[in-house]
Every structure is written in C-alpha cells, then in structure tokens.
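Following: one structure in structure tokens, then a few remarks.
The values are calculated or read from the model by the stated rules, or taken from the named source; none is laboratory data. Worth saying up front: this structure is predicted, and the values here are computed from it rather than measured. Glycine also receives a Cβ, built like all others from the backbone with ideal geometry; neighbour counts cover every protein chain displayed. Just so you know, the surface numbers come from the protein's heavy atoms only, side chains and all, with ligands and any DNA or RNA stripped out. Shrake-Rupley method; radii C 1.70, N 1.55, O 1.52, S 1.80 Å.
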Amino acid sequence: MALYQDVIMAGFGGQGVMLIGNLLAYAGMNAGLNVTYIPVYGPEMRGGTANCTVVVSDEDIGSPIIQRPKSLIVMNQPSLDKFQPRLEDGGVQVLNTSLVDASQAEARVRTVCVPANDIADKLGNTKMANMVALGAYVRATGVVDLDVVKKSLVSVISAHYSHLIPKNADALQAGFDHAG
C-alpha cells in the first residue's frame, strides 16, 4: 500500500510552525521518502497566521499544492478557523488545546487534542509546544517513525543550539505519548 500524507501546519508567527514543517520534511527524506515543503512567509509573520505545507510519499509527488489537506496541525484559534473548513472529510487534525477551543472541532474529522503549551511548560520551555504538537501528529498519522524525527533534529537545529536537541526530542516524545 502506498504511503501518502499531506499536512498544513499553522499557527501565529513565532510558534515554530516553519521549524516543525522543515523537521518533518527532513524526517521524510531521512526515511527514504519523497517530500515537498512549502513555507508561507509574508505579512502573517510575527503574530498573524503563518503556515507551511508538507507532503510525504513513497511515490512521486505530483504537486506540492494542497487544496483539501488530509491533515492539519493547528497551533492557535485563527488557524483552526482558517484551515479546518479545507480539511478533507475523515482527515486528522492535531489541536493545541492550550490555545484552541476543542469544542469547535468538526465531527467530520478525527481530532487529536494535545495541550501543547501546557506540556511544553512542564518540560521547562513553552517554545517547545511546536515539537509537542509534531510528536502528537506523528503518533496520530504514523507518517514516519518518531525515532527518525528525533534523529532529524540535527538537520534543523543549528550547531550553536545543539544543546537544545535532547529537550526537543523529549518534547516530541511527550506529544507522541499524549496522543496515545
């Protein structure tokens, strides 16, 4: 059976949405899969709704542009409002319920609720909420193995901040465990 998964990751500028999109793309490549990664930069940065799209497949990818995504990672309420209507029926969305009202999740999709900011706070750094959400997404979709994602952290975190890799790996694991 062919593997194909696409995701729109969205939040406000500064939540690390582009970082986890890049990380998932590297993890896909490191798993021997085909990937596309499209960051959306512009006036949305630093407070507005920022997003990126990642496609992971074991076959050629016809187009990196996704109109009806199979999955979402939603880090804030404006992102839920903007992208949930586009999610295909039966799709999967991971909601950061620290900032998103889970009661607004539509019944036509499978919703995984993870209080990403709260979990990251308990780990010692709220900025790792993005990693918590990505860990939950990996568990919910099985798109790639979590160990591959953890090993791919070295590809997206600069050597200057390499001391943060173990903490980010812990945040990925915490999100993965919470989604179980």
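Summary of values
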{"item": "Spatially close lysines, pair count over the chain: Cα under 21 Å, gap of eight or more or interchain", "result": "8"}
{"item": "Cα lying deepest toward the dipole's positive end in the chain, options 117, 37, 61, charges on Cβ", "result": "117"}
{"item": "Area accessible to solvent at residue 24, 1.4 Å probe radius, in Å²", "result": "0 Å²"}
{"item": "Of the trypsin sites (Lys or Arg not before Pro) in segment 7-116, those whose Cβ has at most 12 other Cβ within 10 Å and which sit in DSSP loop", "result": "46, 108"}
{"item": "Surface/4 estimate of mean projected area, convex hull on alpha-carbon atoms of the chain, nm²", "result": "9.7 nm²"}
{"item": "Equivalent ellipsoid, segment 92-180 (semi-axes from 5 times Cα gyration tensor eigenvalues, Å)", "result": "24, 15, 9"}
{"item": "Accessible area expressed per residue, the chain, with surrounding protein chains retained (probe 1.4 Å, Å²)", "result": "45 Å²"}
{"item": "Area accessible to solvent at residue 58, 1.4 Å probe radius, in Å²", "result": "70 Å²"}
{"item": "Whole-percent carbon and sulfur share, accessible surface of the chain, 1.4 Å", "result": "52 percent"}
